[in-house]
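**Student:** I am attaching a structure below and will ask some questions about it afterwards.
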Amino acid sequence: MQVGDFIRFKYTGSKGKILIDYLDGSFKVLLIADNDDSIAFREDIVLEKDFKGIEKSPIVKNQGVQKLKQLSTEEMFYSSGELEKRKRESLQQGLPQKKQSGTKQEIPVYKYEEEAEQHYSPIFKEIAPTDSGVWLAFAEQAPESYIIYLVNDSMYSLRFEFTLSLNLKVDQHLKHTIAPHAYFPIGEFNYEQLNDSPVIDFSCPGMHLKEQLKLKYKKWVSMTAAVPILGIECRCQLLFNSNRIAKIQQETAKEDLQKYTQGQIKEQAKKEITQRFYNKNDLQRLAHFNNELDLHAEKLIPNYKDLNAGEIFELQKLALEKYMQQAIELGVKEVYVIHGLGGGVLQKAVEEHLRYLRKEDQIKEFKNEYIRKYGFGATMVKI
């Protein structure tokens, strides 16, 4: 199978087209009937030309579930009593009129009589994990009523945030952490809520993992699949496959290491700058005082290439402040601050600090004029 092939789902018959091959036995596919994206596994699909008919999934076979009688559309959505009532109305009034175009059509809702108040806990077989990824599973607890389970079929512990919105308003919200190869309930959903434009937003803060699931009727009826760990078939959706999570984890670890390294370099540079311009008014310090301060990164900061421009600029301003503070306390008459030309950002920062010192009567004057030794890349300061 390759990108562009048309496929069929073995257990539902749904038709799709392969958009992305993740090269791990999973694909991103376009569901033709829904015009929506989904995730498919190689073992669950066949090329359209090889499709012979809908098959039973391994879980259904193991449970010994018999094939149900094929129901008509009306039999799927209405009880026997409701069907009899509709037949009587048809005989008395004729066939029902078609709805006018533009009229909103409600999602058909299943009707139950005696079962309406019965609730029960979903029964899971709890099979071994397969490291397929993170799933949302809708396990039925009563007719038309579902518990939403988060199934972490991966080896990673994940912090997550879950939100269910109805008609653009938040209905349920949860922040939590789920352990590797674990599952637990995170929300509830009723079949009738398909009429309320339900949207599920799921994210893992700090890992750049984010997915949005818009529950539409056509998508809902095609979401049935076997759920890892739970060991049952139910409405479900794969949010992130394990390869994607692993890649993000590696990138995050690398980024954290880089941040830690930068932080250590930055702190060490601050320490060295503070020690270099330690404010102690004694003859020894005055004898070793250099009346030139070169603010170029390579002259000022060890390992400066491991820092970004903002961090380097912050250290350059710190060095200027410490240097001028020491020069003033030691009573040095004249100093030169070498800032270069560049884009002028560092030069402007130097001028800003020197204006402040002049305003506070700590220096007499400063000039950025042509100096034979430095050109226009240095500012002379008289203290």
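Any read-out appearing in this document is the output of simple, stated calculations on the displayed coordinates, not a laboratory observation. Predicted, not measured: the structure shown is a model, and the values here were computed from it. Every residue, glycine as well, gets a Cβ built from its backbone with ideal geometry; the counts of neighbours run over all protein chains shown.
**Student:** Counting other beta carbons within 10 Å of each residue's own, what order do 296, 208 fall into, fewest first?
**Tutor:** Details: 296 16, 208 11.
Final ranking by Cβ density, sparse to dense: 208, 296.
**Student:** Listing 127, 245, 18 from the residue with the fewest other Cβ atoms within 10 Å to the one with the most, what is the order?
**Tutor:** 127, 18, 245
**Student:** Under a Cβ-Cβ cut-off of 15 Å, what is the net charge of the residues other than residue 347 that fall near it, where Lys and Arg count +1 and Asp and Glu count -1? Show your work: numbers first, answer last.
**Tutor:** Values: positive: 317, 348, 355, 367; negative: 294, 351, 352, 369.
So the environment of residue 347 carries a net charge of 0.
**Student:** Now, a different point. State to the nearest 20 debye the size of the charge dipole of the stretch 124-264 about its Cα centre, where the only charges are +1 on K and R beta carbons and -1 on D and E beta carbons. Display every interim value, and only then the final one.
**Tutor:** Values: 14 positive and 16 negative charges, 83 e Å.
So the dipole magnitude of the stretch 124-264 works out to roughly 400 debye.
**Student:** Whose amide H sits under 5 Å from the amide H of residue 209, counting only residues 5 or more places off or on another chain, with H placed in the peptide plane?
**Tutor:** Sorted by chain and number, the residues that satisfy this are 204.
**Student:** Calculate one ³J(HN,Hα) per residue across the stretch 180-193 by plugging θ = phi - 60° into the Karplus curve 6.51 cos²θ - 1.76 cosθ + 1.60, and present them in order as whole Hz with x for glycine and proline.
**Tutor:** x, 6, 9, 8, 6, x, 10, x, 10, 8, 10, 4, 4, 6
**Student:** I've got another one for you. How would you rank 229-240, 170-181, highest first, on the average number of other Cβ atoms within 10 Å across their residues?
**Tutor:** Numbers: 229-240: 20.8, 170-181: 13.6.
Listed from highest to lowest mean packing, they are 229-240, 170-181.
**Student:** With θ taken as phi - 60° and the coefficients 6.51, -1.76 and 1.60, list the Karplus ³J(HN,Hα) couplings across the stretch 30-36 in order, rounded to whole Hz; mark glycine and proline as x.
**Tutor:** Karplus-based 3J(HN,Hα) across the stretch 30-36 equals 9, 7, 4, 5, 9, 6, 9 Hz.
**Student:** Further question: Which cross-chain or sequence-distant (5 or more) residues have an amide H under 5 Å from the amide H of residue 239, H modelled 1.01 Å from N in plane?
**Tutor:** For residue 239, the qualifying residues are 134, 135, 136.
**Student:** Note down the net charge around residue 165, summing +1 for each Lys or Arg and -1 for each Asp or Glu among other residues with Cβ under 12 Å from its Cβ.
**Tutor:** Around residue 165, the surrounding residues sum to -1.
**Student:** Listed highest first by mean packing, meaning other Cβ atoms within 10 Å per residue, what order do 144-153, 301-310 come in?
**Tutor:** Per-residue mean Cβ counts within 10 Å order the peptides as 144-153, 301-310.
**Student:** Taking H placed 1.01 Å from N in the peptide plane, check which residues at least 5 places from residue 182 or on another chain put their amide H under 5 Å from its amide H.
**Tutor:** Amide H to amide H, under 5 Å and 5 or more residues apart or across chains, residue 182 pairs with 152, 154.
**Student:** From the backbone phi of the stretch 326-331, what are the Karplus-calculated ³J(HN,Hα) couplings (6.51 cos²θ - 1.76 cosθ + 1.60, θ = phi - 60°) in whole Hz, Gly and Pro given as x?
**Tutor:** Here the 3J(HN,Hα) series is 5, 4, 5, 5, 7, x Hz.
**Student:** Just to confirm a number: summing +1 for Lys and Arg and -1 for Asp and Glu over residues other than residue 27 whose beta-carbon lies under 15 angstrom from that of residue 27, what do you get?
**Tutor:** -1
**Student:** Please go through the residue pairs 271/348; 299/382; 305/373; 270/299; 266/322 and name each one whose alpha carbons sit more than 18 Å apart in this structure.
**Tutor:** Details: 271/348 25 Å; 299/382 23 Å; 305/373 27 Å; 270/299 14 Å; 266/322 16 Å.
In this structure, 271/348; 299/382; 305/373 exceed 18 Å between Cα atoms.
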